[in-house]
Each structure stands twice: as structure tokens, then as C-alpha cells.
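A short write-up of the structure that comes next.
We did not get these values from a lab; they are worked out from the coordinates using the rules stated. Everything numeric in this text was worked out from a predicted model, so none of it was measured. Cβ coordinates were reconstructed from backbone atoms using ideal geometry, including for glycine residues, and neighbour counts include every protein chain displayed.
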Amino acid sequence: MEVLAALLGVGALLLALAVPLGLYLSRQSTLSRRVGSFTCQLRDELPDEDTGWVAGIAQYGTARIVWWRTLSLAPRPARTWSRNDLVLLERVPLDEVDDAGRAMMLVHCRHHEERFQLTMSVAACAGLVSWLESGPRPVGRVL
């Protein structure tokens, strides 16, 4: 009887670990396979503080970009930036490559009063610039 209780306890523990892991893997697969999605890291530009980079997946929409944290189970994006209010301030090539061996780019951005940085592949940066330029925007908002 004690063996059965121990096996049930171990089974319940394994199930409690497997469900969040399965949800996480499903979420990552769904987000990364969406049309217009790309991996990027985000860091807020705060004048007094050097915050760390947070890995995530961004996706272009018709009028906005949404960004989800990689290490999260949240069903909603952590950040949303509208096309009309997103300004690319500077693009800086990095001497780094991502996991796939692609060259990386650091992009300084502003959305309303919020300033932040994104790191992404050069191809993803080109896609971001194209997406911004293709929308109805005032001239001179993209470097």
C-alpha cells in the first residue's frame, strides 16, 4: 500500500512538472512559427540603471509589433508598439552572431516617451525597417 502511495505521489509530481513544460514548449513553437515573427532581445534604456537583456519573440502585425518574453507562460504579449509611434533612432552592427550564425544588430528605439534597445539578426532588422517604411508614416522617422 505504501508503494502504491509513493508511486501515485511520484506520478503526480511528474504530471505537475510535465504540464507547465508542455505548455511552454507549445507556446514557443506557436510563437516562433507565426508569419512575421522573429527572435530578439529587449533592454529598457534607463538613465540611472543598466538593466539586463530579456529574450523574446516579436511579431509584425498590420499596425503594431507585439513582443513576448521567451521564459513565460503568459498568453498576452509583454510589450506592444504601434507602427505610427515607433521610431528607430540608431542601428549599430555588433561583432556577435546568434545561434544560427547570423550577424547581429543593436537597434535603439523610441515609442512615445519610452526608450529601449533591441538586438536581432541583420535580416530581422532589415525586415523591421521595411515594415516601418511600408506603413503610412511621416518622412524622416527611420534612420
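The modelled label-to-label distance between ARG43 and VAL19, using points 7 Å beyond Cα along the C-beta direction, is 3.8 nm. For ALA78, the residues whose modelled amide H falls within less than 5 Å of its own, excluding neighbours fewer than 5 places apart on the same chain, are TRP67, TRP68, ARG69. What FRET efficiency comes out for the pair VAL3/SER72, r = Cβ-Cβ distance, R0 = 30 Å, nearest 0.05? Using R0 = 30 Å, I get an efficiency of 0.20. Per-residue Karplus couplings for the stretch 51-64, computed as 6.51 cos²θ - 1.76 cosθ + 1.60 with θ equal to phi - 60°, are listed in order as 7, x, 7, 10, 6, x, 10, 10, 9, 6, x, 5, 10, 7 Hz, Gly and Pro entered as x.
Karplus-derived 3J(HN,Hα) values for the stretch 92-99, using 6.51 cos²θ - 1.76 cosθ + 1.60 with θ = phi - 60°, are 10, x, 9, 8, 10, 10, 7, 4 Hz; glycine and proline are entered as x.
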